[in-house]
Amino acid sequence: MDTFQGKGQHPRPGAISFTQLAGSALNLNPHLHILFCDGVFAGDSETFRFRNLEAITDKEVEKLLIDISGKVLKLLKKLGYLNHEGEMVNHPLSDCLFQDHESLAMATSSSIIGRIAFGPNAGKQVTRIGSGFGYYEEIPLAKGHRCFSVNGFSLHANTATNTLARDRLRKLVEYISRGPLSNERLEITKSGQVKLKLKTAYSDGTSHLLFTPGEFIEKL
């Protein structure tokens, strides 16, 4: 945290952010985990102190999400990934990494829509296990307090901990900085397939996903 150079400077916030690329189903799902101070650091070059702010409201979370989604969509249109109506462009200019390695582009696009890119099951949906087996669309759960969703974007801002609760703070940092999956959720079946337990079952009843070894490597 930078100190202030003289009096009258604007208050400074504090935050750490972790970029996550995968969802619990090993699907491509870019999102950010951000730990933000509920307050600001204010002072001068000699002294400064932390000043608490009131907790963010539902209305503020909603407005923040609308602002973020609007700016991201505007950027995607500018870069040519969306047309002026907001629809996806089939073949926008790709990053050179995907231009040079077509298989990466295939795996990426398939991961987003929950399908398999390669092997005998290419083009098919990822195999689901549970009462929702056979259904592709995951019905979204109702959003709760300080949690909103719009245009495919979602924002959850209802997790907080007191700065003096160091153990809870440590666990929160461990959670937001975790890897894409844990070994505890993986199982090799008798037939040699990879069984992945979802962190939270889908609302249609799906509790696990099943991959061949090649499909599992594809998702990784």
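Measuring with a 1.4 Å probe in the full set of protein chains, what accessible area per residue, in whole Å², belongs to the range 153-192?
80
So for the range 43-86, what are the equivalent ellipsoid semi-axes in whole Å, largest first, each being the square root of 5 times an eigenvalue of the Cα gyration tensor?
Ellipsoid semi-axes (Å, largest first): 37, 17, 4.
What accessible area per residue, rounded to a whole number of Å², is obtained for the range 22-77 using a probe radius of 1.4 Å?
70
Return the FRET efficiency for the residue pair Glu85, Ala201: r is the Cβ-Cβ distance, R0 is 41 Å, and the value is rounded to the nearest 0.05.
Here the calculated transfer efficiency is 0.70.
Which net charge results when you count Lys and Arg as +1 and Asp and Glu as -1 among the other residues whose beta-carbon is under 14 Å from that of Lys74?
Cβ neighbours under 14 Å give a net charge of +1.
Could you give the nm distance between label points at Ile188 and Phe50, where each point is 7 Å from its Cα heading toward the beta carbon?
So the two model labels end up 4.6 nm from each other.
Within a Cβ distance under 15 Å of Glu184, other residues only, what is the Lys/Arg minus Asp/Glu net charge?
Counting the neighbours of Glu184, the net charge comes to +3.
What does the highest-first list of 175-183, 147-155 look like by mean Cβ count within 10 Å?
147-155, 175-183
Distance check, please: which entries in Lys74/Lys171; Lys59/Lys171; Lys71/Lys195; Lys63/Lys171 exceed 32 angstrom between their Cα atoms?
Lys74/Lys171; Lys71/Lys195
Per Stokes-Einstein, at 4 °C and 1.567 mPa s, what whole-number D in µm² s⁻¹ belongs to the range 144-220, with the Kirkwood radius over Cα pairs as the hydrodynamic radius?
83
Give me the net charge of Glu54's neighbourhood, meaning all other residues with Cβ under 14 Å from the Cβ of Glu54; Lys, Arg count +1, Asp, Glu -1.
0
How far is it, in nm, from the label point at Asn151 to the one at Leu73 when both lie 7 Å from their Cα along the line to the Cβ?
Rounded to a tenth, the inter-label distance reads 0.3 nm.
The values are calculated or read from the model by the stated rules, or taken from the named source; none is laboratory data. Since the model is a prediction, treat every value here as computed from it, not as a measurement. Note that each Cβ is placed from the backbone with ideal geometry, even for glycine, and that neighbours are counted across all protein chains shown. Heads up: the accessible areas ignore ligands, DNA and RNA and are worked out on the full protein's heavy atoms, side chains in. Shrake-Rupley method; radii C 1.70, N 1.55, O 1.52, S 1.80 Å.
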